[in-house]
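Heads up: the structure comes next, in structure tokens.
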Amino acid sequence: MLKPLLLLLVLCSLGAVGYAKVMARLAPGTPPAAAAPTEQADLITVSKADRQMHLLRDGKVIRTYRISMGSNWDRGHKYAEGDERTPEGSYVIDWRNPRSMAHLSLHISYPSPEDRQTAERAGPDPGGNIMIHGLPNGWGALGPVHHLIDWTDGCIAVTNAEMREIWSLVPNGTPIEIEGL
């Protein structure tokens with residue numbers, strides 16, 4: 001009885017991994033158009049402690065999102081590739097990827113020159129490719145529960161619908177402040 005259950009579990013796990021790998025290559029449709037400049041955010045703040053991301057314009061919050069982060073988000077600032085920590089500090093949204101493995105993505109300018117210097121002194125590669133993104137392609141149905149666990153490798157994740165909104169409201173060059181605990 002235990003062997004068939006174990007076999008079923010292994011097959012289901014392999015199926016889920018295979019599904020995720022195939023879907024990661026299939027980027028969904030066209031990204032939304034940019035919102036009018038008067039509606040766009042001029043600052044993003046992330047409170048790791050509150051597990052929230054805020055879009056601001058002229059010092060006023062215009063949107064708030066519940067987020068998932070790296071699984072080691074609460075262990076401080078990201079310092080090495082693979083540490084599954086979400087960076088802390090001041091960065092900028094410097095480019096976007098409409099065909100990412102997750103539903104749309106905005107790149108955060110980590111590592112900064114200071115992050116690189118710290119990593120060089122300590123030895124590890126600081127990593128990079130830290131994004132704000134939606135759910136992995138093909139897994140959008142998990143949107144209502146994705147924030148219950150921290151599942152990214154250090155990125156900031158929101159639902160696909162939220163990511164479409166963020167994509168339209170956040171132009172390249174927008175500063176992002178990520179606050180630790």
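Taking a spot 7 Å from the Cα of residue 80 along the direction of its beta carbon, which residues of the stretch 160-181 have an amide N less than 15 Å from it?
Within reach of a label on residue 80: no residues.
If you count, for each residue, the other Cβ atoms within 10 Å and average over each peptide, how do 118-127, 47-56 line up from highest to lowest?
47-56, 118-127
By how many nm would the segment from residue 90 to residue 60 grow when fully extended, if each residue of separation counts as 0.36 nm and the alpha-carbon distance is taken off?
8.9 nm
From the gyration tensor of the Cα coordinates in the stretch 69-157, what semi-axes in whole Å does the equivalent ellipsoid have, largest first, with each one equal to sqrt(5λ)?
Computed over the stretch 69-157, the values are 24, 15, 10 Å.
A short reminder: the numbers here are calculations on the coordinates, not readings from a lab. Computed from a predicted model, the values in this text were never measured in an experiment. All Cβ positions, even for glycine, are placed from backbone atoms using ideal geometry, and neighbour counts span all protein chains on display.
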